[in-house]
1. Just for segment 126-153: of the residues that are more than 27 Å from the chain's Cα centre (by Cα) and of a type in the set (D, E), which one is farthest from R102 (Cα to Cα)?
2. Scan segment 28-73 for residues that are assigned to a loop (DSSP other than H, G, I, E, B) and of a type in the set (V, I, T) and jot them down.
3. Any chance segment 89-111 includes a residue that's of a type outside the set (D, E, K, R), touching a His at 6+ places or on another chain (Cβ under 6 Å), modelled with pLDDT under 90 and surrounded by fewer than 22 Cβ atoms within 10 Å (Cβ to Cβ)?
4. Open to solvent by 40 Å² or more (accessible area, probe 1.4 Å) and touching a helix residue (DSSP H, G or I) at 6+ places or on another chain (Cβ under 6 Å): is that true of K140 in this structure?
5. Here's a check for you: in segment 148-190, which residue that is open to solvent by less than 70 Å² (accessible area, probe 1.4 Å) and of a type in the set (G, A, S) is nearest to V138 (Cα to Cα)?
6. How many residues are farther than 21 Å from R52 by Cα and of a type in the set (F, W, Y) when one looks only at segment 259-294?
7. When both residues are 6+ apart or on different chains and their Cβ atoms are under 7 Å apart, which pairs have a first residue that lies in segment 320-341 and is at positive phi, and a second that is open to solvent by 10 Å² or more (accessible area, probe 1.4 Å) and at pLDDT 80 or above?
Amino acid sequence: MRRFTLLVTTLIATLVALAQENEPKSISLTQEERQLVEQNNDFAFRLMREARTNDSQILSPLSITYALGMLNNGAAGKTQQEINDVLGFGEAGADAINRFCRKLLTEAPTLDQTTKVSIANTIYVNNHWNFVLQEPFVEKAQQYYDATPESRDFYDGKTMGVINQWASDHTAGLIKEVLTKDEFNEDAVSYLLNALYFNGKWASPFKKENTREESFNGGKNVPMMRKTGKYEYTANDLYQAIKLPYGNKAYQMTIFLPLQGKSVADVLSQLDGKSWQFRGSSYDVSLKLPRIETSTNVDLKPIMSALGMPTAFNSDYAEFPYFCNYSVYIEKMKQVAKIKLDEEGTEAAAVTIIGEATTGMPRTAEFHATRPFLYIISEQSTGAIFFIGQYLGDGTTSVGDSPRLMNYEGVNSEKLYDLQGRRLMQQLRKGVYIRDGRKVVVK
C-alpha cells in the first residue's frame with residue numbers, strides 16, 4: 001500500500017486590524033448547524049486535553065477540521081466514520097463537514113472590514129509515480145474548499161520550495177517553511193494544504209507605556225500589559241473569565257484564569273463545546289495580561305488516534321478508495337503553530353502536516369493574568385473556535401500546572417523546602433513541602 005503525505009497548512013494569523021469602525025456582521029446558522037459548531041468545538045477541547053504538555057501551547061482545531069474534512073471526501077467505511085466522529089459530525093457525515101467548512105470559508109472574511117480573514121486550500125499531487133486524484137474527490141475539493149490540485153514531479157528539486165512559498169504567500173510571510181528537507185518525501189502521493197489567515201487588532205488596545213516587567217506565577221519576569229476598561233466578565237469557584245474583542249467585535253479572545261489553587265487542567269476538565277461560552281456582565285476591569293510569544297510543534301498522529309481515529313493511520317486497514325488511483329493511508333500528521341500577543345493585538349500561525357452587560361452602579365473586577373491561563377480565539381456569532389491555547393510562562397515550565405506531574409498552581413519550586421529543611425533544587429514532584437513556614441501539598 002502506498003504511503004502519502006498530506007500537508008495541511010493551517011497558517012493562521014496576524015490579528016492586526018485597521019482603525020476604521022464598522023458594524024459586526026453575523027453568520028446565519030440553522031439549528032442543526034449550530035449543533036454541529038458546538039460539537040466541533042467540543043473536539044477543540046478534547047484535542048487540547050489530549051495534546052497538552054508542560055509548556056505554553058497554541059493549537060488550531062479548525063485547521064485540523066479543514067484538513068481532515070477535505071481528505072474525508074476520499075475516505076470510506078470505518079475510516080470515514082471515525083473521522084466524522086472525532087470532528088464531532090457523527091452521523092451528519094462528510095457532507096456536513098463540507099458545508100460547515102464552506103460557510104466559514106466564504107462568510108468569515110466578510111464579518112469585519114478592519115479584520116482580514118482568509119481561508120485557502122490547495123493540493124499538490126505527485127505525478128512522478130503517476131498518482132492521479134479521483135474526479136469526484138477533486139470536484140468536492142473545488143466546490144467546498146476552493147482547492148484546485150496541481151500535478152508536480154516531487155523529484156524535480158523544486159516542489160518543496162513551491163509548497164513553502166505557498167505557505168508564506170498565504171500568511172503574509174509569517175510562515176516561511178512548513179517542510180524541511182528531512183520531512184519532505186519525494187514518494188508522497190500528495191501534499192494537501194490549508195491556510196487560515198487572521199489579521200486583527202484589539203478593539204481597545206493597551207498602551208505600551210503602561211507595560212512593566214512582573215513575575216509570572218512566582219517565577220521569571222515577563223512584560224505585563226495593563227489597562228482598565230469595560231469588559232464582559234464572569235467568575236465562579238473555579239475560574240475568572242473575560243472576553244477581549246478584536247476590531248468591530250466580530251472576533252474575540254476569551255481567557256479563562258484559574259483561581260489560586262486551581263489549574264488549567266482543572267478548567268479544561270469542566271469545559272466542552274457548549275459550557276465554554278458564557279454570558280457575563282459588563283465590568284470595569286483592572287486587566288493585566290502578559291505579552292505572549294508561544295511556539296508549538298506537536299505530533300498529531302498519536303493524539304488523533306487516541307481521540308478515536310486510529311484506522312486512518314493504519315496501512316493495512318485505512319480506507320481512502322475515493323482519494324486517488326492507489327490505496328493510501330496517513331503516514332504523518334503534525335501541527336506547528338505560533339502566536340504573538342502584544343499591546344496592539346495578536347499574531348498567530350499554525351501549520352498542520354498530515355503524512356496522508358449591566359446598568360446601574362458599575363461593577364469592578366481584577367483580572368490579573370499573572371498565573372497560567374487558557375485562551376480561545378473565536379468568531380462571536382457562531383462561537384466557532386479558531387485557536388485554543390494555554391500560557392504557562394515565558395519559556396519556562398509552569399510548576400503546578402503540569403498535566404502529568406501535578407495539579408497545583410502558584411508554587412515556585414525555588415521557594416520550597418522538603419521536610420528535612422533542604423531547599424528544593426530539582427523538578428517538583430508530588431508530595432509535602434515547606435513554604436514560608438507552612439506545609440504545601442502538591443498533588
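The values are calculated or read from the model by the stated rules, or taken from the named source; none is laboratory data. Source: prediction; values computed, not measured. For neighbour counting, all protein chains shown are included, and Cβ atoms are generated from backbone atoms with ideal geometry for every residue, glycine included. In case anyone asks, the SASA skips ligands and DNA or RNA and just uses the protein heavy atoms, side chains included. Shrake-Rupley method; radii C 1.70, N 1.55, O 1.52, S 1.80 Å.
1. Ranking the candidates gives D153 first.
2. Here is the first cut: in segment 28-73, the residues assigned to a loop (DSSP other than H, G, I, E, B) are 28-30, 52-56, 60.
Of everything in segment 28-73, those that are assigned to a loop (DSSP other than H, G, I, E, B) and of a type in the set (V, I, T) turn out to be T30, T53.
3. Step one: of segment 89-111, the residues of a type outside the set (D, E, K, R) are 89-90, 92-94, 96-98, 100-101, 104-106, 108-111.
Next, from what is left, pick out any that are touching a His at 6+ places or on another chain (Cβ under 6 Å): none.
No, the conditions are met nowhere in segment 89-111.
4. Details: open to solvent by 40 Å² or more (accessible area, probe 1.4 Å): yes; touching a helix residue (DSSP H, G or I) at 6+ places or on another chain (Cβ under 6 Å): yes.
Yes.
5. For segment 148-190, the residue satisfying everything is S190.
6. 2
7. Listed by first residue and then by second, the contacts come to nothing, as the list is empty.
This table checks each residue for (1) open to solvent by 10 Å² or more (accessible area, probe 1.4 Å); (2) among the aliphatic types (A, V, I, L, M).
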residue	(1), (2)
N73	yes, no
G77	yes, no
T114	no, no
S118	yes, no
I123	no, yes
N127	yes, no
Q134	yes, no
